[in-house]
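Asks: Sharing a structure with you now.
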Amino acid sequence: MQKKTLFICLVLIMTSTLHLYAQYAETDSNYKQCFVGSTFLMLGNFIPNDRNPPHFIQLNIGYRITPKNVFFIELKRSRFAYPLGIPWGDSFDAPGENYPGHIRQNVIGFAYNRFWWKGLYTAVHAMNAFQKYYDENNKKIATGYTLFMTYRLGYQVQLFKNRFFIEPSIGLTHWPVKTNTPQAFETIERKWPKYFGYEPGLHFGYNF
């Protein structure tokens, strides 16, 4: 499922680069300080998948401190049943590589974007994930916490006189803090690294 979702996002990224331009200035009549948004990865919720449904939602709420410095909060909810460190390849979300159950998590994240040239930006995301672990009978067996850190390189594209924007990006995520993982889940995770690279992103938002 996730492969299909990421493929859709990659297509959207390629088509979104047809008219690249984003340069903020406080004197610009189209300049907006606040925004709300999300990610096109939520399209994965509409791909039929009885094995690993993502149940993924995300809301971003942001403020432009200056035209080049942006801070925002990310609120997320998701479910997954495989180690997040599995790299691209045959093992990615493959049968036999999954947990003996699944994880549901609620996330509150804090992110900072720095714009360097036109719409080109780098970003740092610190995401606090409060996780519940479920066995194969859908019974909760533990709760835990994971700190996810993501580093992104992206480009913002303004649309409709800066009312809307999209942000194709690529990122690296790792998790330096992870607590209270059940032994059966940890055994599966040990096979894979504690990071995931080349992670595509495609945020969108509304400026006001």
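Asks: Suppose the chain between Asn180 and Arg79 were pulled fully straight at 0.36 nm per residue; how much longer would it get relative to their current alpha carbon spacing?
Replies: Between Asn180 and Arg79, full extension yields an extra 34.6 nm.
Asks: Modelled label-to-label distance, Phe110 and Leu172, 7 Å Cα→beta-carbon offset: nm?
Replies: For the pair Phe110/Leu172, the computed spacing is 2.3 nm.
Asks: Oh, and also: Per the Kirkwood formula on distinct C-alpha pairs, the Rh of the stretch 75-208 is how many angstrom? Mind showing how you got there, number by number?
Replies: Working: mean 1/r = 0.0609 Å⁻¹.
When all Cα pairs of the stretch 75-208 are included, the Kirkwood radius is 16.4 Å.
Asks: Same structure, new question: So, how do all the Cα-to-Cα distances of the stretch 72-126 break down into 5 Å bins, in percent, from 0 on up?
Replies: So the P(r) values, bin by bin, are 4, 15, 16, 14, 16, 16, 12, 6, 2, 0.
Rule-based calculations on the coordinates, nothing more; no lab input. All figures in this text were calculated on a predicted structure; none of them were measured in a lab. Cβ atoms come from the backbone with ideal geometry, glycine included; neighbour counts cover every protein chain shown.
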